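Please read the structure below before turning to the comments.
The values are calculated or read from the model by the stated rules, or taken from the named source; none is laboratory data. None of the values given here were measured: they were computed from a predicted structure. For neighbour counting, all protein chains shown are included, and Cβ atoms are generated from backbone atoms with ideal geometry for every residue, glycine included. Please note that ligands, DNA and RNA were not included when accessible areas were found on the heavy atoms of the full protein model with its side chains. Shrake-Rupley method; radii C 1.70, N 1.55, O 1.52, S 1.80 Å.
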Amino acid sequence: MAGPCFIQAGIGIEFTCSTIIVGALASDKSKDVLPPLTDEQASWLGSFLFLFTPLGSALSSLMLNRFGHKTCMILINVPFLVSQIMLFYANSVGTLYVCSMLMGLSVGYSGGPTSAYIGEVCEPKLRGALMSVTNVFYYAGSFLFTLIYAFTLDWRLTVLIGMSIPIVNIVILFMTPQSPMWLLTKGKSLKAQRTLAKLRGWPSQETGSSKEFKEMIAFTSTAVHDNDDIEKDEKGATSSWGQLLRPEVYRPFRLLMVYFFYANLMSGVQYGPYLLQIFTDFGAPVNVEFTLAFSVLLSTIGGILTIFFISKFGKRFLTLSALLICSICYIMIGLIGVYWTNSKPLTAWLVLIFFLTTIFLASFGIMPIAWILLSEIFPMKSRNITCSAGTAFGYLMTFFMIKYYLDFSNFVNFYNTFTIFGISGLFGAVYFYFYLPETENKTLQDISAFFK
């Protein structure tokens with residue numbers, strides 16, 4: 001599990017890069033060789049990463065079945081490392097754009113291999129908690145990156161230090177075992193048996209007779225041989241894309257897309273690259289760089305709490321409660337910012353506290369669950385392609401939210417964006433009340449059967 005965890009830490013750094021660079025180059029006071037960014041340049045820099053994630057997801061879906069999870073997870077780190085080296089030496093805005101594109105490829109490529117790997121190697125009772133652990137590493141990577149910048153106030157030095165993550169991760173992944181399920185689909189049952197024994201800490205000779213290994217064999221055999229459940233192309237070969245038309249695939253895919261939308265909205269993804277300026281606009285007398293680091297620390301704490309509470313309360317309860325409270329906080333920020341303007345010191349602190357509350361709750365009950373659902377709600381025979389496609393569409397959604405946030409904010413007013421997003425969140429809570437099933441402590445077979 002160390003490999004996927006460090007991949008998530010790297011993704012946290014990649015997501016935070018644009019926030020730090022946009023904030024550092026936002027004013028004429030910047031002493032960097034690069035000129036201050038315009039609003040248009042800032043919106044492209046903040047969103048380019050998400051525009052190129054679908055390409056990375058497409059590449060991973062094409063390579064995952066052939067090369068396996070381990071090899072693909074190693075390849076994730078190559079564009080990440082190259083982008084960090086280029087960022088350190090960047091002397092033009094165009095170079096920043098290219099680096100953002102490379103990070104987008106890395107992030108998009110990571111979705112399918114890591115989510116499918118975690119979903120396949122974890123025991124059902126631990127899957128939610130262990131997936132939450134990887135999300136903690138995502139927040140931890142972001143937190144350490146923002147904290148380094150808060151102390152150094154030098155974004156290039158921060159990037160240089162961050163290069164250590166992909167290097168360490170490549171070393172770790174070379175020692176990570178393959179997915180037993182993937183090995184079974186390749187006819188390597190003996191190796192799959194030894195790998196599962198290693199993952200579970202069992203004697204190898206006992207693994208072959210275990211209930212879990214027998215279920216894996218049955219599950220993967222169905223995925224490979226059940227021609228009645230698989231669409232065929234003109235040559236008679238298996239068509240993975242044809243499976244997207246089946247109810248047990250498109251129903252969870254539709255649910256996942258709605259979940260990604262509200263996870264992005266309530267976690268403030270659209271505000272992400274502009275957080276330093278947003279904290280300044282709130283007007284509270286705080287150091288914005290350390291406030292940014294503190295906000296990511298809150299996300300980290302929320303992710304840690306998810307590990308302990310998800311098995312107790314389930315994904316459905318956490319989603320509904322967090323979504324409702326975040327929506328109310330957003331509406332309060334909007335109303336205070338527009339209608340209560342005569343008590344500035346008090347209102348500045350109130351809107352900041354409400355915003356930090358949404359960051360904490362979104363990391364506790366919304367965003368981690370989105371990625372857990374991605375790893376467990378799709379059937380085995382289509383999981384690789386649906387995990388990659390789900391990641392691609394989720395990030396493409398994020399691109400549009402970030403790219404056009406500034407235009408939307410200028411059109412409706414900064415504080416009105418919170419009111420609109422908050423009201424939208426209430427509609428999302430109603431949708432999930434009726435359509436979000438409880439998947440905690442359910443086997444992958446049980447979850448797939450629910451959507452048929």
*Counting only residues that are open to solvent by 10 Å² or more (accessible area, probe 1.4 Å) and in a loop (DSSP other than H, G, I, E, B), how many does segment 262-283 have?*
2
_Tell me the residue from Phe48, Phe88, Phe52 that is under 21 Å from Thr386 (Cα atoms) and hydrophobic (A, V, I, L, M, F, W, C), please._
Phe52
*Which of the residues belonging to segment 401-452 are of a type in the set (D, E, K, R) and surrounded by 15 or more Cβ atoms within 10 Å (Cβ to Cβ)?*
Lys403, Glu440, Lys442
*Out of all the residues in segment 56-76, which are hydrophobic (A, V, I, L, M, F, W, C) and touching a residue at least 60 places away in the same chain (Cβ under 8 Å)?*
Ala58, Leu64, Met73, Ile74, Ile76
*Residues Thr71, Thr95, Thr19: which one is among the polar types (S, T, N, Q) and within 18 Å of the chain's Cα centre (by Cα)?*
Thr19
*asked:* So Ile304 passes all but one of these: (1) open to solvent by 40 Å² or more (accessible area, probe 1.4 Å); (2) of a type in the set (A, V, I, L, M); (3) modelled with pLDDT of 90 or more; (4) over 16 Å from Ala150 (Cβ atoms). Which condition number does it fail?
replied: (3)
*Is it the case that some residue within segment 309-328 is among the β-branched types (Val, Ile, Thr), open to solvent by 30 Å² or more (accessible area, probe 1.4 Å) and either at pLDDT 95 or above or under 27 Å from Phe151 (Cα atoms) (or both)?*
yes
*Please verify whether segment 357-372 includes one or more residues that are part of a helix (DSSP H, G or I), more than 30 Å from Pro113 (Cα to Cα) and open to solvent by 20 Å² or more (accessible area, probe 1.4 Å).*
yes
_With the requirement that a residue be out of contact with any Phe, Trp or Tyr (no Cβ under 7 Å at 6 or more places or on another chain), among the hydrophobic types (A, V, I, L, M, F, W, C) and over 29 Å from Gln277 (Cα atoms), what does segment 42-71 give you?_
Leu55, Ala58, Leu62, Met63, Leu64, Phe67
*asked:* Suppose we keep only residues that are buried (at least 23 other Cβ atoms within 10 Å of the Cβ) and modelled with pLDDT of 75 or more within segment 117-134. Which one would you say is farthest from Thr443 (Cα to Cα)?
replied: Thr134
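Would you mind finding the one in Ser424, Ser409, Ser375 that is under 26 Å from Gly112 (Cα atoms) and assigned to a helix (DSSP H, G or I)? Please lay out each step first, then the result.
On the way: Ser424 fails: under 26 Å from Gly112 (Cα atoms); Ser409 fails: under 26 Å from Gly112 (Cα atoms).
Of Ser424, Ser409, Ser375, the one residue that is under 26 Å from Gly112 (Cα atoms) and assigned to a helix (DSSP H, G or I) is Ser375.
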